């Protein structure tokens, strides 16, 4: 795993995903969170007090704190690029929530800045580093299902309007099911099958405005300005194909989260939004699904949200040069694919993907 070295962490943003990072990093003593920042100072103060974080305040104060080595950027997607740029130029390594930026063009600028200032940029999602993602990866690499030639990947509605008090940003540029849930699925697929070469598909907005029924709703409805249902066909550089459906409009379905089809069997992969759940296989001639022996230990607690594996991955890379799996290049490729999926139309035909990163090194074995 490389050298264990302490890196002080500062977190910008204390919204809905903050709890998952605070919980996850609390279990990584070499990554102490020493300061948090938020536009809402009261929310920053409350977050610091709840998780015994010694300092809180503004983003400028956090970036000026010379004790901070790594900035975790979990601001809303539209703010990702600007905060990342400022943190890099302040001399910090940066790990940014998904998507790495609201647009691929902005992500390219961030990557160029990281190169310019000699700092490391990494990006979510990191869930493919968990037991489920690495178990599925090991199964494929060992030939458990023969040669993988196809996959399916399905996302149903997150029902965000019934639990989030102000879900408007989920339905604006930078949001939608493709950029909200899609990163987990596409990252998982690229981890398993390698880079995507071409994307075709179509998308639709099912309803132009949605009622917000959250018990703590701050607005009665939100306008919808991004596609909320997208169907795509991905062709990987390996030749494998994946059929995807990412939707905020499909309320219920019994479709599996993800399956990988090989010449000798099928691999059933759990929700890519989580780290640890069983991977199942049914090989040619089997009568029942069986659980695949985990390739690495399960890392996330069952009873609380968890993030932070990608931050640890970045820290290990900086400390001792271990492979940077949740890298900016990987996150950029995922974003380029997602942009192509969101903008695809039957009239335009297939979109070629320019980036072609190496498949991330396995974390198992």
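The values are calculated or read from the model by the stated rules, or taken from the named source; none is laboratory data. Because the structure is predicted, anything quoted here is derived from the model rather than measured. Methodologically, a virtual Cβ is constructed for each residue, glycine included, from the backbone with ideal geometry; neighbour enumeration extends over all protein chains shown.
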Condition met for residue 197 (in contact with a strand residue (DSSP E or B) (Cβ under 7 Å, 6 or more places away or on another chain), outside the structural domain of residue 74 (by TED's automatic domain parsing), under 16 Å from residue 76 (Cα atoms) and surrounded by fewer than 24 Cβ atoms within 10 Å (Cβ to Cβ)): no
Which residue out of 276, 252 is under 28 Å from residue 100 (Cβ atoms) and part of a loop (DSSP other than H, G, I, E, B)? 276
Go over the candidates 338, 314 one by one and state the one that is in a helix (DSSP H, G or I) and touching a helix residue (DSSP H, G or I) at 6+ places or on another chain (Cβ under 6 Å). 338
Residue 215 fails exactly one of (1) outside any loop (DSSP other than H, G, I, E, B); (2) free of Cβ contacts under 8 Å to residues at least 24 places away in the same chain, namely (1)
Starting from segment 5-20, take each residue that is within 13 Å of residue 53 (Cβ to Cβ) and list its partners that are at pLDDT below 95 and buried (at least 16 other Cβ atoms within 10 Å of the Cβ), counting only C-beta distances under 6 angstrom and pairs at least six apart or across chains. 19/305
Considering only segment 158-174, state which residues are touching a strand residue (DSSP E or B) at 6+ places or on another chain (Cβ under 6 Å) and surrounded by fewer than 20 Cβ atoms within 10 Å (Cβ to Cβ). 168
Single unsatisfied condition, residue 56 versus (1) touching a residue at least 40 places away in the same chain (Cβ under 8 Å); (2) touching a helix residue (DSSP H, G or I) at 6+ places or on another chain (Cβ under 7 Å); (3) outside any helix (DSSP H, G or I): (1)
